[in-house]
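The values are calculated or read from the model by the stated rules, or taken from the named source; none is laboratory data. Since this is a predicted model, take the numbers as computed values, not measurements. Cβ coordinates were reconstructed from backbone atoms using ideal geometry, including for glycine residues, and neighbour counts include every protein chain displayed. Heads up: the accessible areas ignore ligands, DNA and RNA and are worked out on the full protein's heavy atoms, side chains in. Shrake-Rupley method; radii C 1.70, N 1.55, O 1.52, S 1.80 Å.
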Amino acid sequence: MASWEFLMESENLKTLVVVPAYNESANIEAVVGRLIDAGYDYIVVNDGSSDTTADICRARGFNFLDLKENLGIGGAIQAGHKYALANGYDVDVQFDGDGQHDAKFLEKMADIMEEEQVNMLIGSRFLEGEGFQSTGMRRIGIRFFTWLIRVLTGTTITDPTSGMRMVDKEVMHMFANDYPKDYPEPETAVTVLKRGYRVKEIPVEMKARAA
């Protein structure tokens, strides 16, 4: 389990927002702009986009990693974890590049991570049912993964495919070394729970994809 003795001495965790982006030229400027306005450290991981995502990041002077080929969401997030560790961050948080996530929840997430000594914190759109609730077909898949995780771990995760999730340094180390490629959100939840780490969900509001 993670040691929080040092982290609790400071008022805030050093937090990195990891923004995976694959062909997000229509969204990335607005997404990063809101993070900059809110004062967050961030890294865009351009996952081998074939559009102008990298060009926009370069022209705007955004902090970004430019993966030369498409690795998929798992490879992009793993690159973000490696970057966070190399640059001394206490926690990092996945924040999708399509405009669905709201930066107003990030401070609350960091506060809960610190106060409750959580190793993984997941933003769930279903706990309070506010905001965009995903499509009908996708909700069927989400319910399946909720059931499967409960069977495998005994824990109920209401939003197992949520891409808004914050992890501490110990989990970052684990994910930097090994991160699933196919269904990374539900798979990583199972992995973290089975290793005895603390996982918690909090209610967040999500939006429909911006473009």
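Across the options 64, 48, 112, the greatest Cα extent toward the positive end of the charge dipole of segment 1-119 (unit charges at beta carbon of Lys, Arg, Asp, Glu) belongs to 48.
Could you check what % of the DSSP bridge pairs in segment 55-211 are antiparallel, to the nearest 5?
Values: 6 of 12 bridges.
Of those bridges, close to 50 percent are antiparallel.
Annotation: lysines with alpha-carbon distance below 18 angstrom to residue 104 (same-chain offsets under eight excluded): 14, 207. Potential lengthening of the chain between residue 108 and residue 195 amounts to 28.8 nm, from the contour at 0.36 nm per residue minus the alpha-carbon distance. In this rough spin-label picture, where each label sits 7 Å from Cα along the Cβ direction, the residue 85-residue 38 distance is 2.6 nm.
Distance between the modelled labels on residue 205 and residue 55, one decimal in nanometres: 3.5 nm (7 Å Cα→Cβ projection). A cut-off under 11 angstrom between Cβ atoms defines the neighbours of residue 42, and their net charge, with Lys, Arg +1 and Asp, Glu -1, is -1. Note on segment 110-206: with charges restricted to the Cβ of Lys and Arg (+1) and Asp and Glu (-1), its dipole about the Cα centre is near 480 debye. Sequentially through segment 85-91, phi angles give Karplus couplings (6.51, -1.76, 1.60; θ = phi - 60°) of 5, 5, 10, x, 7, 7, 9 Hz, Gly and Pro residues having no value and appearing as x. Computed across the chain, the Kirkwood hydrodynamic radius from all distinct Cα-Cα pairs reaches 17.2 Å.
Only DSSP H runs of four or more residues enter the estimate; each adds -39500 (n - 2.57), and after division by the residues of the chain the mean residue ellipticity at 222 nm equals -12000 deg cm²/dmol.
Entry note, segment 103-211: relative contact order of 44 percent, from Cα contacts under 8 Å with a spacing of 6+ residues.
Put +1 on the Cβ of every Lys and Arg and -1 on every Asp and Glu Cβ in the chain; which of 151, 202, 26 then has its Cα farthest towards the positive end of the dipole? Most positive-ward Cα: 151.
Per residue, the chain exposes 47 Å² of solvent-accessible protein surface, assessed with a 1.4 angstrom probe and all protein chains in place. Summary value for the chain: 27 percent relative contact order, contacts being C-alpha pairs under 8 angstrom separated by 6+ residues. Label separation (residue 182 vs residue 158): 2.9 nm, computed from points 7 Å beyond Cα along the C-beta direction.
Placing +1 on each Lys and Arg Cβ and -1 on each Asp and Glu Cβ, with no other charges, gives the chain a dipole about its Cα centre of roughly 660 debye.
First compute the accessible area of segment 24-183 with a 1.4 Å probe, then give the percent of it belonging to carbon and sulfur atoms.
The value for segment 24-183 is 49 percent carbon and sulfur by accessible area.
If R0 is taken as 35 Å, the Cβ-Cβ distance between residue 63 and residue 116 corresponds to a FRET efficiency of 0.75.
Estimate the FRET efficiency between residue 12 and residue 143 by the formula 1/(1 + (r/R0)^6), using the beta-carbon distance for r and 41 Å for R0, to the nearest 0.05. Walk me through the intermediate numbers first.
Numbers: r = 36 Å, r/R0 = 0.88.
That gives a FRET efficiency of 0.70.
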